[in-house]
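Undergrad: Handing you this structure, nothing more for now.
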2 protein chains.
Amino acid sequence: MADEAAVRQQAEVVRRLKQDKAEPDEIAKEVAKLLEMKAHLGGDEGKHKFVLKTPKGTRDYGPKQMAIRERVFSAIIACFKRHGAEVIDTPVFELKETLTGKYGEDSKLIYDLKDQGGELLSLRYDLTVPFARYLAMNKITNIKRYHIAKVYRRDNPAMTRGRYREFYQCVNDRRILDGMFAVCGVPDSKFRTICSSVDKLDKMPWEEVRNEMVGEKGLSPEAADRIGEYVQLHGGMDLIEQLLQDPKLSQNKLAKEGLGDMKLLFEYLTLFGITGKISFDLSLARGLDYYTGVIYEAVLLQQENDHGEESVSVGSVAGGGRYDGLVGMFDPKGRKVPCVGISIGIERIFSILEQRVEASEEKIRTTETQVLVASAQKKLLEERLKLISELWDAGIKAEVLYKKNPKLLNQLQYCEDTGIPLVAIVGEQELKDGVVKLRVVATREEVNIRRESLVEEIRRRTNQL
Amino acid sequence: MADEAAVRQQAEVVRRLKQDKAEPDEIAKEVAKLLEMKAHLGGDEGKHKFVLKTPKGTRDYGPKQMAIRERVFSAIIACFKRHGAEVIDTPVFELKETLTGKYGEDSKLIYDLKDQGGELLSLRYDLTVPFARYLAMNKITNIKRYHIAKVYRRDNPAMTRGRYREFYQCVNDRRILDGMFAVCGVPDSKFRTICSSVDKLDKMPWEEVRNEMVGEKGLSPEAADRIGEYVQLHGGMDLIEQLLQDPKLSQNKLAKEGLGDMKLLFEYLTLFGITGKISFDLSLARGLDYYTGVIYEAVLLQQENDHGEESVSVGSVAGGGRYDGLVGMFDPKGRKVPCVGISIGIERIFSILEQRVEASEEKIRTTETQVLVASAQKKLLEERLKLISELWDAGIKAEVLYKKNPKLLNQLQYCEDTGIPLVAIVGEQELKDGVVKLRVVATREEVNIRRESLVEEIRRRTNQL
């Protein structure tokens, strides 16, 4: 009924609009009103029409996805703990001014909260700036921390699809870049914006990046060409030695400092036996403003195809660097606290693993349930609840179907579907005998266990003590 | 210099304001401008002045707090897993319209995001509405899930302080409440708003709640007084039986349904042996609109004091109920999916545990490091790095001090401070002999271990295989 009335009302408004020869923007307003009205009235049985979706750029994680995500997390956390890291947490939003002036060209991608009275807030854009705020606020100068949390950026992430074979890290140093810019003839004022252009070399060919430098950013073509020669260089200790001999670069104070530290880094990498995984890459720039020294990225290589072509880089899964100035920006006296860190792109690693699991048809368990408490006859709900209560109290992970009188076949099928390895079956005879029938789902083996030994037997068979 | 100019400018503005005999609100505006100007200009060395704080109502968690928080989480997660629950995750914000019309009077506390183009978004207010959206979107009708995440409310939470002895759960049913409202003479249209008033009984005395009902919400004094008689009732199976005999309540269809289900619930609670922890409480209302049946809260009781007074409820740490209509609000055809859930207030439980740990002077470890790799002489940085690299590769949790030539005493002190139980010391003699000196921090016992047996010995002594 409400619908019909609304449709009649709409028709009437349209008719009046036509007669009145209303202005286009008046019509537009009325149409917007009508659409809103329709949204509120329309739909079956007078129900509201909702757009059933998550916000753009976000997704839900169902139980299967969460099981995969927790594998990723536990591998990463184990690594952090192996190296003695502590964990911290900070709020999902910060005062807007805390984030202002920290990200350079990326600042336009920050999510602001609506001004609803009180403080002006923004969602965190990364974990680095909140960490620097935390250090300055608590006057901490020495900490090795990890922090696992979501960050929010108003961009349109392109989800890379494909299979990945392995990854490597590439390394550079902001001081080498800045020294390089200086010796190539980039004016000081353009260092950061030209650095942003160099950062696009993983997604664009050099020609396009050069056009941006010269066309959009007003760099001289000669300076751009000199940069073009440097940024194609990549290598290891050899390249460092070569650049330390470079007549122009070696005269630049910043570049020399950067190259000296890069040499030391490669000495440590040699001690750790991982130089083969690391490439010193003069095209690596990193988008964010706050880096002051070494910068690095972990890059995935696509699986080689059948034709044995060279593996292709398909994107960065982690990145970071040294940011010695950021904490000082929060300190009233500008005291510097040197920092170095890495950020791991969980979403990307997760989507790669998700594809791999889908391709492998591996069956993923989404619970850790050890045993299903089942009954073979009707009217045993109370007995099932009594038994599961005993098991829960003993710390056994157990489930029971919610139906009053489920069929045994359905209970066994539930175990097959969800991967529960054991079934504890109570029936009238078992109750009389003081036993429980324990069934192994995989082998269909059944054995009567005395009720007082059941907990121990389940633990023994599922190896979870 | 900038500061002086700003001060002169301020004085000038104040002078002009005085001469002009400006209106008070004009003055207020000028003062606000000046304060803002001051904030931007003031400070040493021309540095910007930042307000070094987290947004109101939020806090950081440092490593010690995180260690406590993870204890809480692992206890809760173990409980969920014991009962066969799966885990999901949803985005921190939702389309604004997803949250609209779900929370009743609480909707004003929702954080909206600023309209920066694109979709209108709000931060999630709870995990229940996003869960209902997830169920409807994925057409899921059967799932037992848990979800651990932060929710966002624009209120001023009062942090309860105090020591707590134990907690109990109180239970009620929305249908019993609605039936009670009906038989007390509350008009249908006022059910939800009167329910919101009843919900305040844990923070306000009955007299104030009655004033709100009659004064603000226009309920007749007689109806309010009838409600007043019911809401003081609490008990167990006895009370259920008594109300099933209540001449008015037992005639109401909703109340009768609610009481019937409450009786069944108490039968199950008896099977689980936990009736002693549960109180059927007619004053329990829960603030949110979406509950349709049983509702409950877990309430902490304050530690008894020396005078043996009765324990006092100091606040709810968990709450929930049945919400059979919420998923249907998202379904285009309004199909109902019955749901029941509980939400645990981690922040509150955490702050209670934090106080307890502080009071106990228990030493909390913030890392799991098993061994510190140390050296007794100078110039052994490379040897320390080689050894720790071996340990890391074997999965041992190990740390090394960052200094080039740290003193042995400082290295031992670091272990005392952070709770690292073992020290692996390399010196020239040990290197020559192919051994490492393993020191037990607690007992100061030192023993030479052959380098190839070191990993095994550390595992054995820290019991982490």
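The values are calculated or read from the model by the stated rules, or taken from the named source; none is laboratory data. Please read all numbers here as calculations on a predicted model, not as lab measurements. For neighbour counting, all protein chains shown are included, and Cβ atoms are generated from backbone atoms with ideal geometry for every residue, glycine included. Accessible surface areas use protein heavy atoms only, side chains included; no ligands, DNA or RNA. Shrake-Rupley method; radii C 1.70, N 1.55, O 1.52, S 1.80 Å.
Undergrad: With respect to residue A:377, is the statement that it is of a type outside the set (Phe, Trp, Tyr) and under 23 Å from residue B:145 (Cβ atoms) true? Outline the logic, then answer.
TA: Details: of a type outside the set (Phe, Trp, Tyr): yes; under 23 Å from residue B:145 (Cβ atoms): no.
When the stated conditions are applied, residue A:377 does not pass them.
Undergrad: Further question: When you go through B:178, B:173 one by one, which is the residue that is of a type outside the set (S, T, N, Q) and in contact with a Phe, Trp or Tyr (Cβ under 8 Å, 6 or more places away or on another chain)? Full working, then the answer.
TA: Details: B:173 fails: in contact with a Phe, Trp or Tyr (Cβ under 8 Å, 6 or more places away or on another chain).
The conditions single out B:178.
Undergrad: How many residues are in contact with a strand residue (DSSP E or B) (Cβ under 7 Å, 6 or more places away or on another chain) and either small (Gly, Ala, Ser) or within 7 Å of another protein chain (Cβ to nearest Cβ) (or both) if we restrict to the range A:61-76? Before the answer, list the steps.
TA: Keep residues of the range A:61-76 that are in contact with a strand residue (DSSP E or B) (Cβ under 7 Å, 6 or more places away or on another chain), which gives A:61, A:63, A:66, A:69, A:76.
Next, from what is left, pick out any that are either small (Gly, Ala, Ser) or within 7 Å of another protein chain (Cβ to nearest Cβ) (or both): A:61, A:63, A:66.
So the count comes out to 3.
Undergrad: Here's another thing I want to ask about it. Counting only residues that are under 24 Å from residue B:78 (Cα atoms) and among the polar types (S, T, N, Q), how many does the range A:374-410 have? If you could, list the steps in order and put the result at the bottom.
TA: Pass one, the range A:374-410, residues under 24 Å from residue B:78 (Cα atoms): A:374, A:384-402.
This time we only want the ones that are among the polar types (S, T, N, Q), so: A:389.
Total satisfying the criteria: 1.
Undergrad: Looking at B:159, B:213, can you tell me which residue is within 29 Å of residue B:301 (Cβ to Cβ), in contact with a helix residue (DSSP H, G or I) (Cβ under 8 Å, 6 or more places away or on another chain) and at pLDDT 90 or above?
TA: Numbers: B:159 fails: at pLDDT 90 or above.
Selected residue: B:213, the only one of B:159, B:213 that is within 29 Å of residue B:301 (Cβ to Cβ), in contact with a helix residue (DSSP H, G or I) (Cβ under 8 Å, 6 or more places away or on another chain) and at pLDDT 90 or above.
Undergrad: Could I ask something else about it? Suppose we keep only residues that are facing another protein chain (nearest Cβ under 7 Å) and more than 30 Å from residue A:371 (Cα to Cα) within the range B:77-97. Which one would you say is most open to solvent (accessible area, probe 1.4 Å)?
TA: My answer is B:97.
Undergrad: Which one of these does residue B:107 not meet: (1) modelled with pLDDT under 95; (2) open to solvent by less than 10 Å² (accessible area, probe 1.4 Å)?
TA: Failed condition: (2).
Undergrad: While we're looking at this one, here's another question. Identify all residues within the range B:227-245 that are open to solvent by 30 Å² or more (accessible area, probe 1.4 Å) and either closer than 17 Å to residue B:175 by Cα or without any contact (Cβ under 8 Å) to a residue 24 or more places away in the chain (or both); write none if there are none. Give the derivation first.
TA: To start, the set of residues in the range B:227-245 that are open to solvent by 30 Å² or more (accessible area, probe 1.4 Å) comprises B:229, B:232-234, B:237-238, B:241-242, B:244-245.
If the condition is that a residue be open to solvent by 30 Å² or more (accessible area, probe 1.4 Å) and either closer than 17 Å to residue B:175 by Cα or without any contact (Cβ under 8 Å) to a residue 24 or more places away in the chain (or both), then B:229, B:233, B:234, B:238, B:241, B:242, B:244, B:245 are the ones that fit.
Undergrad: Filter the range A:76-91 for residues that are in contact (Cβ under 8 Å) with a residue 60 or more places away in the chain and either under 26 Å from residue A:199 (Cα atoms) or part of a loop (DSSP other than H, G, I, E, B) (or both) and give the result. Spell out the reasoning first.
TA: Our first condition is that a residue be in contact (Cβ under 8 Å) with a residue 60 or more places away in the chain; within the range A:76-91, this holds for A:76-77, A:80, A:83-87, A:89.
Within the range A:76-91, A:83, A:84, A:85 meet the criteria.
Undergrad: Does the range B:182-210 hold any residues that are in contact with a Lys or Arg (Cβ under 9 Å, 6 or more places away or on another chain), under 25 Å from residue B:300 (Cβ atoms) and surrounded by fewer than 17 Cβ atoms within 10 Å (Cβ to Cβ), and which are they?
TA: Result: B:208, single match.
Undergrad: Okay, next question. When the range B:388-434 is examined, which residues are found to be more than 14 Å from every other protein chain (Cβ to nearest Cβ) and farther than 20 Å from residue B:378 by Cβ?
TA: Correct list: B:416, B:434.
Undergrad: Anything in the range B:355-374 that is under 18 Å from residue B:416 (Cβ atoms), open to solvent by less than 40 Å² (accessible area, probe 1.4 Å) and out of contact with any Cys (no Cβ under 8 Å at 6 or more places or on another chain)? List them, or say none. Please lay out each step first, then the result.
TA: Taking the range B:355-374 first, the residues under 18 Å from residue B:416 (Cβ atoms) are B:361-374.
Now narrow it down to the ones that are open to solvent by less than 40 Å² (accessible area, probe 1.4 Å): B:364, B:366-367, B:369-374.
Once the filter is applied, which keeps residues that are under 18 Å from residue B:416 (Cβ atoms), open to solvent by less than 40 Å² (accessible area, probe 1.4 Å) and out of contact with any Cys (no Cβ under 8 Å at 6 or more places or on another chain), the range B:355-374 yields B:364, B:366, B:367, B:369, B:370, B:371, B:373, B:374.
Undergrad: Would you say residue A:126 is at pLDDT below 95 and part of a loop (DSSP other than H, G, I, E, B)?
TA: Criteria met by residue A:126.
Undergrad: Looking at B:239, B:244 in this structure, which one is farther than 30 Å from residue B:101 by Cβ, in contact with a strand residue (DSSP E or B) (Cβ under 8 Å, 6 or more places away or on another chain) and modelled with pLDDT of 95 or more? Step through it out loud before you land on a result.
TA: Numbers: B:244 fails: in contact with a strand residue (DSSP E or B) (Cβ under 8 Å, 6 or more places away or on another chain).
After applying the criteria, what remains is B:239.
Undergrad: Kindly list the number of the only condition in (1) at pLDDT below 95; (2) within 19 Å of residue A:81 (Cβ to Cβ) that fails for residue B:455.
TA: Just one mismatch for residue B:455, condition (1).
Undergrad: What are the residue pairs meeting all of these: first residue in the range B:103-126, first residue under 30 Å from residue B:285 (Cα atoms) and more than 10 Å from every other protein chain (Cβ to nearest Cβ), second residue surrounded by fewer than 20 Cβ atoms within 10 Å (Cβ to Cβ) and of a type in the set (Lys, Arg), Cβ atoms under 8 Å, and 6 or more apart or on different chains?
TA: These pairs meet every condition: B:104/B:192; B:106/B:153; B:125/B:153.
Undergrad: Also: Just to be sure I understand, how many residues within the range A:446-462 are under 39 Å from the mean Cα position of the chain (by Cα) and without any contact (Cβ under 8 Å) to a residue 40 or more places away in the chain? First the steps, then the outcome.
TA: Initial filter on the range A:446-462 (under 39 Å from the mean Cα position of the chain (by Cα)): A:458-462.
From what's left, without any contact (Cβ under 8 Å) to a residue 40 or more places away in the chain: A:460.
Result for the range A:446-462: 1.
Undergrad: Also: Please count how many residues of the range B:269-279 are open to solvent by less than 70 Å² (accessible area, probe 1.4 Å) and more than 29 Å from the chain's Cα centre (by Cα).
TA: Residues that pass the stated criteria total 1.
Undergrad: To continue, here is another question. Return the pairs, sorted by first residue and then second, in which the second residue is part of a loop (DSSP other than H, G, I, E, B) and open to solvent by 40 Å² or more (accessible area, probe 1.4 Å), the first residue lies in the range B:418-445 and is within 17 Å of residue B:391 (Cβ to Cβ) and of a type in the set (A, V, I, L, M), the beta carbons are less than 6 Å apart, and the residues are 6+ apart or on different chains.
TA: Going by the 6 Å Cβ cut-off, the qualifying pairs are B:425/B:376; B:441/B:421.
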